[in-house]
Amino acid sequence: MAETHSYDIFILGLKDASAQGRHRFAATIETLTGRSATDFDDNFPSGILPMFEALDTERAQKIVDTLSDAGIMIEVRPIDAPPVEELVDVDPHTRSCPACNQRQPAEAVECGKCGVVFAKYEREQLLKMQQDHNLEQAMINAAQVREEWVQRAQKYLETHKLEKDATVEFSTILMNDEVPFLRLDSDEGPLLLTSRRIISENDGKFESIPYEMIDEVEYGGGRLATSKKAKQRLQLNFHSPFPTSGGQVIKNIAWHLDKESSFSKEVVFEWGYARNFICGSCGVRELEYRTDGDKVHMRCMHCATDHEINMKEGVAVPALAE
Ligand SMILES: [Zn+2]
Ligand SMILES: [Zn+2]
């Protein structure tokens with residue numbers, strides 16, 4: 001009877017991580033797949049991608065035994081799909097191209113059909129997978145913190161009503177999981193404070209400013225304040241220059257609030273100072289910010305993990321070491 005389940009096998013690590021242990025691993029993989037041991041002497045496979053996919057029970061068992069005997073720590077994940085027959089019956093001295101699936105000799109370094117260089121292609125795929133994985137993790141961590149701020153925004157709304165048309169300019173940029181709670185009006189266009197960020201609108205252009213990017217909130221002062229007496233000047237200074245949607249990089253941004261909006265300045269103080277990114281790797285808040293082109297990065301001073309900040313999501317995504 002045909003099997004309806006199959007197994008993926010992930011490589012987690014080596015019991016013996018010395019050069020000798022690593023070579024034993026590479027040699028074992030060579031025996032199992034026919035791929036050159038030198039591939040694996042240099043690059044240890046990531047635990048994120050399965051080393052073997054969609055195996056039937058018998059072949060999975062055989063591979064598990066062989067890997068375990070060689071001191072390789074693995075994880076076996078049952079998959080709710082039938083085994084891929086092709087993988088069972090193919091000549092063990094061939095491999096398939098990861099891009100076009102063409103079978104070819106196992107020792108080939110590039111595809112005879114589409115020309116991709118296997119090692120390079122696989123490394124690129126892996127980097128992409130890891131980046132997606134890091135974003136997903138950052139979102140999971142952020143979701144826990146976010147809930148707290150959603151509640152805080154809702155609490156604010158219990159005592160301060162937000163007019164129905166207050167968010168109308170922002171309808172294309174607001175996300176389902178954020179709660180807008182305060183609108184401010186200024187000469188430079190409206191501002192919307194949400195549970196996640198401050199959004200400004202000017203001529204149909206938006207800036208999405210996570211509270212975590214704010215280093216300082218300043219009110220009043222300066223030459224502009226005297227020339228526009230009735231207006232209160234609000235300025236946000238950033239941890240690192242902020243890349244705008246118009247392609248500029250600015251150290252701070254200012255608005256001239258109308259009188260009614262200026263009454264809410266305490267709220268901007270409160271939210272602007274309450275939040276800071278934390279290191280996605282070790283959890284500390286000692287961070288060094290820098291702006292590279294249109295991306296803001298932050299490096300953890302404690303564990304050196306670099307992060308890229310996603311302004312729309314308001315999350316810091318651990319970036320990969322080059
Ligand atoms: Zn190919
Ligand atoms: Zn850290």
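Per-structure values
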{"item": "Of Lys259, Lys113, Lys164, the one that fluctuates the most in a GNM where the chain has Cα springs shorter than 10 Å", "result": "Lys164"}
{"item": "Region 6-116 - convex hull of the alpha-carbon atoms, volume per residue in Å³", "result": "100"}
{"item": "Over the chain: helical MRE at 222 nm, DSSP H runs n ≥ 4 each giving -39500 (n - 2.57), nearest 500", "result": "-10000 deg cm²/dmol"}
{"item": "Listed residue (Val117, His5, Thr159) projecting farthest to the positive dipole end of region 1-160, Cβ model", "result": "Thr159"}
{"item": "The chain, Rg to Rh (Cα coordinates; Rh as Kirkwood inverse mean 1/r)", "result": "1.14"}
{"item": "Angle in degrees between helix 57-69 and the longest Cα principal axis of the chain, rounded to the nearest 10", "result": "90"}
{"item": "Crossing angle, helix 265-274 versus the chain [Cα axis fit, 0-90 degrees, rounded to tens]", "result": "20"}
{"item": "Pairwise centroid distance, computed over Cα atoms, of region 139-181 with region 244-322, Å", "result": "18"}
{"item": "Most fluctuating residue given options Leu191, Leu14, Leu174, as computed from a GNM of the chain linking Cα atoms under 10 Å", "result": "Leu14"}
{"item": "Between 0 and 90°, nearest 10: helix 118-159 axis offset from the chain longest Cα axis", "result": "40"}
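Rule-based calculations on the coordinates, nothing more; no lab input. All values reported here derive from a predicted model rather than from experimental measurement. FYI the Cβ positions are ideal-geometry reconstructions off the backbone, even for glycines, and counts take in every protein chain you see.
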